[in-house]
Amino acid sequence: MKILMIEDNESVSQMMDMFFKKEQWDVVNAYDGEAGLATFKAAPDSFDIITLDLNLPKMDGMQVAQEIRKVSATVPLIMLTARDSESDQVLGLELGADDYVTKPFSPITLVARIKALHRRAEVEPEAEADQGVGDFDVVTRHFKLSTKTREAFLDDQPIENLTPKEFDLLHTLANKPKQVFSREQLLQLVWDYEYYGDERTVDAHIKKLRQKIEKVGPQIIQTVWGVGYKFDDSGLDA
């Protein structure tokens, strides 16, 4: 695995280099936002994971994330932030980060997050290869979804501009209509790891997913208070 680490704190980079080398991963370091973005743009297909600090000189992490997503909608991106405000973390997720880790963090935790995102990135193409052209993995009366084309439709209207994690989240929920998933279950199924912090990652993605669904039709992601979320389009028949 090849990692691009965009981090201005050299001591953090050096510490993580040791852990990455222990995993036999290659790492390229960039120490400001402009350099990190330029490094990625020079060879966007060569990186398996990007870790991106929020507070960077020359160009901050939010801007870098936005520019990275213009080049690649699928490269796994973990945002590292010393800020613990909900608004910063939610904004990072909304700009396309797949996950965030709050500083100070355990190197073992970051390695676990990287492994989880990499496993998801490898599994999805394998699943897509098994499908025929035009096949839909999920079909209900009002909804259909294809992992091959990464498309979802509500009453034949495309739900557009879904990020990779938003699509995975929708697929997980829709694959078992009316089943209630806790946030912890969704973190394990969609992000593929035991979660070490709060549950705002799920809530932020649900919020953005709902906004995109509501552009084409009624809401099909329901909150089950005190438990979690479920997919249910049966109410659209009324």
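In the stretch 148-238, the portion of solvent-accessible area held by carbon and sulfur atoms comes to 45 percent [1.4 Å probe, whole percent, DNA, RNA and ligands not counted]. Of all DSSP bridge pairs formed entirely within the chain, close to 45 percent run antiparallel. Among (1) 17.1; (2) 18.6; (3) 19.3, find the value of Kirkwood radius over Cα pairs in Å that was calculated from the structure presented, and write down its label. The listed entry that was calculated here is (2).
The heavy atoms of Trp25 offer some 30 square angstrom of accessible surface to a 1.4 angstrom probe. Structure shown: which of Lys103/Lys178; Lys144/Lys178; Lys70/Lys165; Lys70/Lys207 lie over 27 Å apart, alpha-carbon to alpha-carbon? Checking Cα-Cα distances, Lys103/Lys178 exceed 27 Å. A helix-only calculation puts the chain at -13000 deg cm²/dmol for mean residue ellipticity at 222 nm, using -39500 (n - 2.57) for each DSSP H run of at least four residues, averaged over all residues.
The C-alpha atoms of the chain define a longest principal axis, and helix 61-71 lies at about 60 degrees to it.
The accessible area of Val101, taken with all protein chains in place and a 1.4 Å probe, comes to roughly 10 Å².
The values are calculated or read from the model by the stated rules, or taken from the named source; none is laboratory data. Keep in mind it's a predicted model, so treat the numbers as computed, not measured. Just so you know, the surface numbers come from the protein's heavy atoms only, side chains and all, with ligands and any DNA or RNA stripped out. Shrake-Rupley method; radii C 1.70, N 1.55, O 1.52, S 1.80 Å.
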